[in-house]
Amino acid sequence: MYRKWLTFMTGAVLMIALAAAPLASAAARTYDQTAIDIHLNATTMPEHVALTWSADPETTMTVTWRTSTAVNDCKIEYKEENGAVNTMTIKPHLFQTAATDLNYGRMNLFTVTLHNLKPGTKYLYRIGNDQNEWTGYSSFTTEDTATVTDNQFKFLVFGDSQSGNYEVPNYNPWHVTLENAYKANPDAKFFINVGDLVEKGQYYQHWNNWFAAAQGVVDRIPAMVVQGNHETYDAADWNSTKPQYFVQQFPVFQNGPDGLKGQTYSYNYGKVHFVVLDSQGEEESEDAQGNVDQAKEEAMFLKQADWLRNDLEQNKDAVFTFVLFHKTPYYNKGTRSNILLKKIFTPIFDQYHVDVVFNGHDHGTSRTYPIYHDEFMQSPSQGTVYYVTGRSGAKYYPDLTQKVWDAKFYDPQDQPDYQTVDVDGRKVTIKAFKQDGTLVDTYVIDKAHPENSTSNHEILPSRYNTKQEVPAIGDSVKLVIFGNMAYGSSSKATIQNGKAYADIQTIAAYTGGSYDAAGKTLRIGHKKYQFTDNMLTDKGTKVDIDALNAMGWSNHYDKKFNMVFVDLQL
Ligand SMILES: [Fe+2]
Ligand SMILES: [Fe+2]
């Protein structure tokens, strides 16, 4: 169903891509080329220079780049601003496109980790080939030793940057979002992309555009990337393989479990512990016919769960713990639930009090109330906040809604968005911005002064935070207030001050009834429901579902699907 949905989405995605065009057109070049040669457009000149960390951020930097196969080796020169030049010679490894790619080609990939760097130091560097052709100088800065003590630093987070259409590898919106975010935050120490970097992970033309669009940032601050489901997709169809291109191009920390190195990893910066998980159990457990081996999928999650418990146990001293993975246990898109990964991972986040989980995949921006054992908590000291990071690229979904667990929801229809995360000792401030810099949300966790934490001032939707176990979706359910298109979502409910309101016209349309807005009267069959002003909100378009209950309707909160349902009494 998901793959059909992707096809269906194409029209909407194109419209959004066009809507983003005026911003993108300010760029000197575009990042949507489809022409690609057998060198994958690599030349003898080193390019696609990218930084990441695979070892200690205080004393190392990992640099990757590419050339055509006509180059035998490359040199990297690096130096402090007025220091002596260090030179290393690097041999390439051959990168060939997969048999499933539509672009046959090969090129050289180069990876080097510079060691014994000075902490807190800016280095200039450039790369040259064996024909003495050199890139211009770029620069990077190692982590300051003081950061390990004072825990003050900022980083950027980007949601899905994919093009949204595999035939149109348009990474202009990603370019503008990344460039604008870095211009507004030149003090950011690194950036995170939470997955679905590209539309098809085994279709090289997408990577050409992604890397070209990221130049100017990815060669100055490290990219600490997370793998998404689209990194697994083959070019010719939507079958999945291991994310071969992703792991070859991003040599991150290789400290994950066997079989998942480069996809699952952890690292520390300041006094923050970062954990990256691979949520693609489904895609990575497909057989050749595209059927998911569910036992294999569960085993893949359980293997990471064992590794995660051990990793969190060893990093209990961190002031903050952030976990990043692509798919959403607490989603804002209609057709998502990810029940298995939620069941396996979230109890571990509860046990070790993970502060924030950052997800992608849904392309909407939302953050939950603090959640502990699937129940809403007043303070972030009592639970984990799940933050869905929106979209940094062209792809947009039309079925995003606030869910019962969301304290904040923002639908990035008009333009992409991104987050800044400012860590300051025992306080963290997460801000969401539109691509043009408009502030969308500010969220604070202050461990020294909990009364200043945002969650402590938000009203919990306690009416729906029930421990009651109710049956899963059945034939009797007529209307879903929060959730899943597959079950007939209204997509128009809102939460205000902890109360849920349903769209009256949607109820009328769905039930074959009619609504007289002037008379505030809903008629369904022979039944008539008379509303009063205090039952209504949003200019009389939505009705309090508690009021509906009082009129003989009923609703329930379904723990399995984490949704509120209204059972119509017809
Ligand atoms: Fe995505
Ligand atoms: Fe995704």
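Miscellaneous remarks
- Each Cα pair under 8 Å and six or more residues apart adds its separation to the average, and for the stretch 56-161 the resulting relative contact order is 32 percent.
- Anchor Lys427: aspartates and glutamates whose Cα lies under 17 Å away (excluding residues fewer than 8 positions away in-chain): Asp150, Asp317, Asp355, Asp441, Asp446, Glu451
- Here the contact order of the stretch 322-452, divided by its residue count and restricted to Cα pairs under 8 Å and six or more residues apart, works out to 20 percent.
- Each Cα pair under 8 Å and six or more residues apart adds its sequence gap; the mean of these over the residue count of the stretch 86-147 is a relative contact order of 25 percent.
- Sequentially through the stretch 43-56, phi angles give Karplus couplings (6.51, -1.76, 1.60; θ = phi - 60°) of 10, 5, 6, x, 8, 6, 5, 9, 9, 7, 10, 10, 8, 3 Hz, Gly and Pro residues having no value and appearing as x.
- Length gained when the stretch Asn116-Ile38 is fully extended (0.36 nm per residue, less Cα-Cα span): 24.3 nm
- Val148 versus Thr429: modelled label distance in nm, points set 7 Å from Cα along the beta carbon direction: 2.8
- Cα shape, the stretch 191-320, gyration tensor, a/c 1.5 rule: oblate
- Net charge of neighbours whose Cβ lies under 10 Å from the Cβ of Val148, counting Lys and Arg as +1 and Asp and Glu as -1: -3
- Note on Asp32, Asp278: ascending count of other Cβ atoms within 10 Å places them as Asp32, Asp278, the fewest first.
- Counting only DSSP beta bridges whose two residues both lie in the stretch 47-457, roughly 75 percent are antiparallel.
- Exposure proxy ranking, count of Cβ atoms within 10 Å, fewest first, for Ser54, Ser381, Ser514, Ser392: Ser514, Ser381, Ser54, Ser392
- Partners of Lys91 within straight-line reach, counting lysines whose Cα lies under 18 Å from its Cα and excluding those fewer than 8 residues away in the same chain: Lys75.
- Listed by chain and number, the lysines whose alpha-carbon sits under 29 Å from that of Lys539, ignoring those within fewer than 8 places in the same chain, are Lys333, Lys403, Lys408, Lys434, Lys478, Lys492, Lys499, Lys520, Lys527, Lys528.
- Rounded if a/c under 1.5, otherwise prolate or oblate - the stretch 47-457, Cα gyration tensor axes: oblate
- Alpha carbon centroid spacing (whole Å) that separates the stretch 373-440 from the stretch 275-339: 20
- Taking trypsin sites (Lys or Arg not before Pro) across the stretch 118-203, none is in a DSSP loop with at most 14 further Cβ atoms lying within 10 angstrom of its Cβ.
- Under 21 Å, Cα to Cα: Lys pairs in the stretch 94-225, sequence gap 8 or more or different chains: 7
Only the coordinates and a few stated rules stand behind these numbers; no lab work does. Because the structure is a prediction, the values reported are computed rather than measured. In this analysis, Cβ positions are derived from the backbone assuming ideal geometry, glycine residues included, and neighbour counts consider all displayed protein chains.
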